[in-house]
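Report on the structure given below.
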Amino acid sequence: MKWRLRDCGGVGIVGMEVKRDSRDPIVVIGAGPAGCTFAALRALRGDQVVVFDDEKRPSMLVGESLVPAVVPIFRRLGVEDAVAGVGTHKPGVSFEAAEEGVIHFNFKSVGKLLPNYSYNVDRPAFDDVLRRRAEELGVRFISKRAMVEAGDGDRMLLGADSRDAAGIAEDAEPFVIDATGRARVVARTLEIPTERGERNDVAYFAHFENFEDVAVEPGQVIITALRDGGWSWRIPLPGKMSCGVVLSKARARELGETPEDRLMEVLRSDPHLESVTREARRVSDVAVYTNYQLIAERASGANWALLGDAFGFVDPMLSPGLFMALESAQILDTQLEAHGGRTAVAFESYQAEVMDWHCGWKELIAYFYDGSIFSLHAAGKQVTEILNGGFIPKRIEAHMNYHIASMASGGRTRSRYSRGLLRFMRKHGMWNVPEPKVFAVR
Ligand SMILES: Cc1cc2nc3c(=O)[nH]c(=O)nc-3n(C[C@H](O)[C@H](O)[C@H](O)COP(=O)(O)OP(=O)(O)OC[C@H]3O[C@@H](n4cnc5c(N)ncnc54)[C@H](O)[C@@H]3O)c2cc1C
């Protein structure tokens, strides 16, 4: 999966004039996970925060499977028990490519780096947990669509209605946070250029009861490459299974007229899915997502910043989305604190860090799409088998598995060493094993 991003540094903020007064209110647009997390973190620091939300959240939302790196953020916000109450324990993820291309990752293999588990969550209930926490911390929510317009000098202005609703004084200049997800209200208003990924996929998903349980362990997420192109997810939720398929738009058109037809046709025709869905009953509508691989070239400006999907989203296969929503909020909060408030250096550091995260995810996810992760896994097992399980081959295999699992968990995704190790092993470590293209997701 190639991206056109010219480099991983984005566009510099050189010469940007930034207001230093941190007493002006913070206006967050969008009460999704990114917006609520940032609002809660700033409220914890004593800032006045107002969050606008258009209350248009659909009942079926993707973003149900979380990586372990979100758990420390839950602990920081004091919401882990509440999240556990709306989800299932997630011990790991299994990836199935071709017959011999099966990898079971258990988060225990990431050792002490991160919690050894994560959660699969009922998404609207999860969003409510974060919102309630922000409310408890004194954040004010306004149920209204926020109106914005471009001002002079790279500034973002709030419309008069929105200013009034938020009670912002005439001489105050709010710090505007775009956390509107794919609506990308600020980014669109300022016409910030974006880079798109090369996959032209569409995702269909729904909730089911009576899925046959083939899980390696309860709560294990299963990602399967589909025989006729694309891939599917199975995410165990409390009392039901979330199942989605991700296909090229061209393939989807061949499968029927409606989203329901297309999803059900994949479940009927793919051998992996057919065997587990014979008795399954759909208990929700079918939701559709398209054109989601998109990253903005800038993450902040004179009095604004982009968080979560409003800044960018790489791809759903490894579930980085909610982690990036929460982590981008955490990074912005930390950089503001470290660099004296809304300064150019705080914004520049924020942008560099989120760009680097996206680069790490892009590189890792590309190895799953092109099949190299499966060839590497096969190579590691082969060395251990050939040398009859000796100490050194076992250590090499465990070392590789540790780095892949901890990158996919969100712990070492950006690590220079882990990324370098994977690049090196892809180049020099795969002999006498099936080529990556055997396992590639078409
Ligand atoms: C097919 C697919 C599968 C995915 N699966 C996963 C997964 O398993 N795990 C995972 O971690 N991530 C997954 N993701 C990604 C994840 O869903 C997103 O990354 C995450 O929801 C981003 O959160 P956010 O807070 O940035 O935005 P959102 O969750 O989109 O929240 C934005 C909020 O802003 C509000 N809003 C919009 N415009 C306005 C306005 N003008 N005024 C006021 N409010 C406004 C919206 O109503 C919404 O409440 C998936 C994505 C796709 C496409």
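Every number here is computed from the coordinates shown, using simple stated rules; none is lab data. Predicted model only: the values in this text are computed from it and were never measured. Don't worry about glycine lacking a Cβ; one is built from the backbone with ideal geometry, like all the others, and counts go over all protein chains shown.
Figures for the structure shown
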item: Cα-based equivalent ellipsoid of segment 228-354: semi-axis lengths in Å, sorted from largest, via gyration tensor; result: 40, 16, 11
item: Residue 75-residue 275 pseudo-label distance in nm [points 7 Å out on the Cα-to-Cβ vector]; result: 3.9 nm
item: Gap separating the Cα centres of segment 412-442 and segment 144-207, nearest whole Å; result: 38 Å
item: Overall form of segment 368-439 per C-alpha gyration tensor (a/c, 1.5; a/b vs b/c); result: oblate
item: Share of pairwise Cα separations in segment 201-290, more than 18 Å, in percent; result: 36 percent
item: Ranking of 29, 142 by count of other Cβ atoms within 10 Å, fewest first; result: 142, 29
item: Mean ellipticity per residue at 222 nm, deg cm²/dmol - from DSSP H runs of n ≥ 4 across the chain, formula -39500 (n - 2.57); result: -11500 deg cm²/dmol
item: DSSP loop GluC sites (Glu not before Pro) with at most 14 other Cβ within 10 Å: longest gap in the chain; result: 280-442
item: Bridge type composition, the chain - antiparallel percent by DSSP, nearest 5; result: 70 percent
item: Full-stretch length increase - residue 59, residue 283 - with 0.36 nm per residue and alpha-carbon distance subtracted; result: 79.4 nm
item: Whole-number D in µm²/s for the chain (Stokes-Einstein; Kirkwood sum over Cα pairs; 4 °C, 1.567 mPa s); result: 57 µm²/s
item: Percentage relative contact order, segment 201-290, counting C-alpha pairs under 8 Å, at least six apart; result: 43 percent
item: Virtual spin-label span in nm between residue 260 and residue 196, 7 Å along Cα→Cβ; result: 3.0 nm
item: Rg/Rh (Cα only; Kirkwood hydrodynamic radius) as it applies to segment 48-185; result: 1.09
item: Charged-residue dipole, Cβ positions (Lys, Arg, Asp, Glu), segment 368-439 about Cα centre, Debye nearest 20; result: 380 debye
item: Relative contact order for segment 368-439, counting Cα pairs under 8 Å that sit 6 or more residues apart, in percent; result: 54 percent
item: Out-of-range pairs (alpha-carbon distance over 25 Å; input 108/437; 90/249; 90/240; 56/362); result: 108/437; 90/249; 56/362
item: Per DSSP, loop trypsin sites (Lys or Arg not before Pro) in segment 100-132 with at most 16 further Cβ within 10 Å; result: 112
